[in-house]
Ligand SMILES: [Zn+2]
């Protein structure tokens, strides 16, 4: 199964039922991105390890060392 860089999380939440006064539980589902910034203009998925870039210019810089758009040139 390919990684979609999203993690599904679930937690059990309990709430008091207003009518019966009993605690009623349900699963609450969430999904969150598993990506973290590792550098300027690039980030990585912590699940599959894939490195991704915010732009093609950033990819070019990291792959070839050429900073054509001046992304990393801060004067
Ligand atoms: Zn991934």
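The values are calculated or read from the model by the stated rules, or taken from the named source; none is laboratory data. Source: prediction; values computed, not measured. Note: ideal-geometry Cβ built from the backbone for every residue, glycine included; neighbour counts use all protein chains shown.
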Worksheet item: Which numbered condition trips up residue 67, out of (1) modelled with pLDDT of 95 or more; (2) more than 16 Å from the ligand (Cβ to nearest atom); (3) surrounded by 13 or more Cβ atoms within 10 Å (Cβ to Cβ)?
Response: (1)
Discussion item. Filter the range 1-27 down to the residues that are away from the ligand (no atom under 16 Å from the Cβ) and under 30 Å from residue 50 (Cα atoms) and list them by number.
Written reply: 10, 11
Practice prompt. Report, ordered by the first and then the second residue, all pairs with beta carbons closer than 9 Å, sequence separation of six or more or different chains, a first member in the range 14-28 that is surrounded by fewer than 10 Cβ atoms within 10 Å (Cβ to Cβ), and a second member that is not in a strand (DSSP E or B).
Written response: 23/17
Fill in: Subset of the range 5-30 that is in contact with a strand residue (DSSP E or B) (Cβ under 9 Å, 6 or more places away or on another chain) and assigned to a loop (DSSP other than H, G, I, E, B) - its residue that is nearest to residue 69 (Cα to Cα)
5
Fill in: Selection status of residue 49, without any contact (Cβ under 8 Å) to a residue 40 or more places away in the chain, in a loop (DSSP other than H, G, I, E, B) and surrounded by 10 or more Cβ atoms within 10 Å (Cβ to Cβ)
no
Worksheet, complete the sentence: Selection from the range 3-40 of residues under 25 Å from residue 61 (Cβ atoms) and modelled with pLDDT of 95 or more yields 3, 5, 33, 34, 35, 36, 37, 38
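Table: residues versus (1) in contact with a helix residue (DSSP H, G or I) (Cβ under 9 Å, 6 or more places away or on another chain); (2) exposed (fewer than 13 other Cβ atoms within 10 Å of the Cβ); (3) in a strand (DSSP E or B).
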{"site": "32", "(1), (2), (3)": "no, yes, yes"}
{"site": "44", "(1), (2), (3)": "no, no, yes"}
{"site": "58", "(1), (2), (3)": "no, no, no"}
{"site": "72", "(1), (2), (3)": "yes, no, no"}
